[in-house]
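A.B. asks: Would you mind keeping the following structure in view while I ask a few things?
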Amino acid sequence: MGELSRMWRESPNRYRLLGKKCGNCGRKYFPAREICPVCHRDSIGKMSDFELSGNGEIFTYTIVHEAPPAFSRQKPYVLALIKLEDGPMITGQVVDVDPDEIEVGKKVRSVFRKIAQDGKSGIIFYGYKFTLA
Amino acid sequence: MEKSGIVSYGSYIPKYRIKPDEIARIWGEDPENIRNGIYILSKSVPAPDEDVATISVEAARTALQRGGLKGSEIEAMYIGSESHPYAVKPTATIVSSAIGTNFDLFSADYEFACKAGTAGMQNVLAMVKSGMIRMGMAIGSDTSQGAPGDVLEYSASAGGTAMIIGRENVAAEIKATLSVTSDTPDFWRREGQPYPTHGERFTGEPAYFKHVVSAGKKMMEKMKTKPEDYDYAVFHQPNGKFPMRAAKMLGFNEEQYKEGLLTPLIGNTYSGAMMVGLSAILDVAKDGDRILAVSFGSGAGSDAFHIEVNSEIEKLHSRGAITVRKMLEKTKFLDYGMYAKFKKKLVLGDDVE
């Protein structure tokens, strides 16, 4: 049940790439942070919700051959660090590509996909992944 | 009187495809017979991490982008499908959260075989016309199922379309809509069954053609129009042949139906089928164009729409949202083994997924 609560709590972030913007320095954060690590106390009460565009480019990547059980149908798959055009760097799976199509610097955009499911009767977890733009 | 109708629209078709030749190879059928019999050259296949919720979200986001709209402006959300991810927990809850609608939202999931999406369009249109809401979204989306080796396996595909219906900045006015319904045992799926069953002799004349042609004729009678008064006609398309025959029975020619006929390339997207065709027409439609759109849902019924496009469509075209034809340019073909893995026809243990 802990996992269910966590996924529910984080669903706006996972579904819509909802991060935070510091009202003091303008830096954007994902995952969302309540305090800006640069401005510290000056950012208290000034962190506002910010929806990231989901557009970015591949900063670096790895190809996963030994996948967790939930990804058995997708291996080998690409896991990348994505430098978003809004600023933050985030980790995400790149889907609908063959691993040999992936290169550092290629443009990607976010897509909404199924992440995992809790067995045959449990909840289905959704969230962001990326695909080549 | 104030106009009501389509304010924006968006579609999503998964990237993966399989050809009927590959399915026929596995089941020992003559691919030429299949191609000629149902006129399907390839069908879309959802990736392992795609379902009706993900397809609906992608279609909804494209519709919002094309309309220059925010999710918070959507006041109603109805999703028609026969492959909702949950038996109990509405897909509309997931999709509305993913596009950022407000907590104040009318929503539900609909089911009426392949016409549940257009039933949603009628529902939203009625709410807009009555003044209950300013703007709402209706989605038709499916990851349809065909039993291995069954004729449906050659056509059952995946895709969806979102229509935003409102009364401000209407680009395609829905001047009229009507429906026909009867109790016809042409196709069904019982609770808990993974694949549908079809009552073969009922599939064509008593089901598809009776309902589609009746609804089309009734609409032309109601609007006092003839086939030549329409620039485009689009029908539910369970295969490539049925909609062409229905079009001819109603008096439409190839020029009128070819733009909205996508099943030969993507297969039958069920609840998405007519709506994806309509979306492809709206991608190229111009001010003054008239469209007759008729869906069909097994069981059985049809919804007909008389639609008139105005100059607002140019604003939608200018926003650069992906068109249906553009989406069809990027495809990856699968062999049957990969298709079986993607479609979960190969079952993994409980501890795996």
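The values are calculated or read from the model by the stated rules, or taken from the named source; none is laboratory data. Since the structure is predicted, the reported quantities are computational estimates derived from the model, not experimental observations. Cβ sites come from the backbone with ideal geometry, for glycine too, and all protein chains shown count toward neighbours.
A.B. asks: Let me spell it out: the conditions are (1) farther than 19 Å from B:PRO14 by Cα; (2) within 13 Å of chain B (Cβ to nearest Cβ); (3) without any contact (Cβ under 8 Å) to a residue 12 or more places away in the chain, and A:ALA70 meets all of them except one. Which number is the exception?
C.D. replies: All conditions are met except number (3).
A.B. asks: Continuing with the same structure: So in segment B:24-39, with the set limited to residues that are in contact (Cβ under 8 Å) with a residue 60 or more places away in the chain and out of contact with any Pro (no Cβ under 6 Å at 6 or more places or on another chain), which one is surrounded by the most Cβ atoms within 10 Å (Cβ to Cβ)?
C.D. replies: B:ILE38
A.B. asks: Considering segment A:88-133 alone, what residues qualify as being of a type in the set (Ser, Thr, Tyr), within 11 Å of another protein chain (Cβ to nearest Cβ) and closer than 24 Å to A:LYS28 by Cβ?
C.D. replies: A:SER110, A:TYR126, A:TYR128, A:THR131
A.B. asks: Working only within segment B:11-23, note down all residues that are away from chain A (no Cβ under 14 Å) and surrounded by 18 or more Cβ atoms within 10 Å (Cβ to Cβ).
C.D. replies: Of everything in segment B:11-23, those that are away from chain A (no Cβ under 14 Å) and surrounded by 18 or more Cβ atoms within 10 Å (Cβ to Cβ) turn out to be B:SER11, B:ILE18, B:LYS19, B:PRO20, B:GLU22, B:ILE23.
A.B. asks: Restricting attention to segment B:10-19, does a residue exist that is among the hydrophobic types (A, V, I, L, M, F, W, C) and either in contact with a helix residue (DSSP H, G or I) (Cβ under 9 Å, 6 or more places away or on another chain) or assigned to a helix (DSSP H, G or I) (or both)?
C.D. replies: The answer is yes, given that some residue of segment B:10-19 is among the hydrophobic types (A, V, I, L, M, F, W, C) and either in contact with a helix residue (DSSP H, G or I) (Cβ under 9 Å, 6 or more places away or on another chain) or assigned to a helix (DSSP H, G or I) (or both).
A.B. asks: Mind checking whether some residue in segment B:60-69 is part of a loop (DSSP other than H, G, I, E, B), modelled with pLDDT of 95 or more and within 17 Å of A:TYR15 (Cα to Cα)?
C.D. replies: No, there is no match, as no residue in segment B:60-69 is part of a loop (DSSP other than H, G, I, E, B), modelled with pLDDT of 95 or more and within 17 Å of A:TYR15 (Cα to Cα).
A.B. asks: Moving to a separate point now. Given the structure, is B:ARG66 away from chain A (no Cβ under 12 Å), of a type in the set (Lys, Arg) and closer than 24 Å to A:ASP96 by Cβ?
C.D. replies: Yes.
A.B. asks: Can you list the strands (runs of 3 or more DSSP E) lying wholly within segment B:112-225 that have 3 or more residues being within 25 Å of B:SER56 (Cβ to Cβ), of a type in the set (A, V, I, L, M) and under 16 Å from the mean Cα position of the chain (by Cα)?
C.D. replies: Counting at least 3 such residues, we get B:135-143, B:158-166.
A.B. asks: Still on this structure, please answer the following. For segment B:59-95, enumerate the residues that are closer than 17 Å to B:ASP142 by Cα and out of contact with any Phe, Trp or Tyr (no Cβ under 8 Å at 6 or more places or on another chain).
C.D. replies: Passing the criteria: B:ALA60, B:HIS84, B:PRO85, B:TYR86, B:ALA87, B:VAL88, B:LYS89, B:PRO90, B:THR91, B:THR93, B:VAL95.
A.B. asks: When only residues in segment A:1-47 that are aromatic (Phe, Trp, Tyr) and in contact (Cβ under 8 Å) with a residue 40 or more places away in the chain count, which is nearest to the other protein chains (Cβ to nearest Cβ)?
C.D. replies: The selected residue is A:TYR15.
A.B. asks: Next question, about the same structure. Can you tell me which residue in segment A:48-65 is nearest to A:ASP98 (Cα to Cα), limited to those that are outside any strand (DSSP E or B) and within 14 Å of chain B (Cβ to nearest Cβ)?
C.D. replies: Among residues in segment A:48-65 that are outside any strand (DSSP E or B) and within 14 Å of chain B (Cβ to nearest Cβ), the one nearest to A:ASP98 (Cα to Cα) is A:GLY54.
A.B. asks: Please verify whether B:LYS286 is surrounded by fewer than 22 Cβ atoms within 10 Å (Cβ to Cβ) and part of a loop (DSSP other than H, G, I, E, B), treating the condition exactly as stated.
C.D. replies: So B:LYS286 fits the description; yes.
A.B. asks: Checking B:ARG61 against (1) crowded, with 16+ Cβ neighbours inside 10 Å; (2) more than 10 Å from chain A (Cβ to nearest Cβ); (3) within 24 Å of B:ILE164 (Cα to Cα): exactly one of these is not met. Which one?
C.D. replies: Only one criterion in (1) crowded, with 16+ Cβ neighbours inside 10 Å; (2) more than 10 Å from chain A (Cβ to nearest Cβ); (3) within 24 Å of B:ILE164 (Cα to Cα) is unmet by B:ARG61, namely (2).
A.B. asks: Can I ask one more? So which residues in segment B:111-133 are surrounded by 24 or more Cβ atoms within 10 Å (Cβ to Cβ) and without any contact (Cβ under 8 Å) to a residue 60 or more places away in the chain?
C.D. replies: B:GLY120, B:VAL124
A.B. asks: Going through segment B:107-135 one residue at a time, which ones are touching a Gly at 6+ places or on another chain (Cβ under 7 Å) and within 21 Å of B:SER72 (Cβ to Cβ)?
C.D. replies: Within segment B:107-135, B:GLY120, B:VAL124, B:MET127, B:VAL128, B:ARG134, B:MET135 qualify.
A.B. asks: Only one of (1) among the small types (Gly, Ala, Ser); (2) closer than 30 Å to B:ASN33 by Cα; (3) at pLDDT 90 or above fails for B:GLY136. Which number is that?
C.D. replies: Exception for B:GLY136: condition (2).
A.B. asks: Residues of segment A:102-124 being farther than 21 Å from B:ALA98 by Cα and modelled with pLDDT of 95 or more, which ones?
C.D. replies: Passing the criteria: A:ILE102, A:GLU103, A:VAL104, A:GLY105, A:LYS106, A:LYS107.
A.B. asks: Please enumerate the residues belonging to segment A:1-42 that are among the hydrophobic types (A, V, I, L, M, F, W, C), over 20 Å from A:SER110 (Cβ atoms) and modelled with pLDDT under 95.
C.D. replies: A:MET1, A:LEU4, A:TRP8
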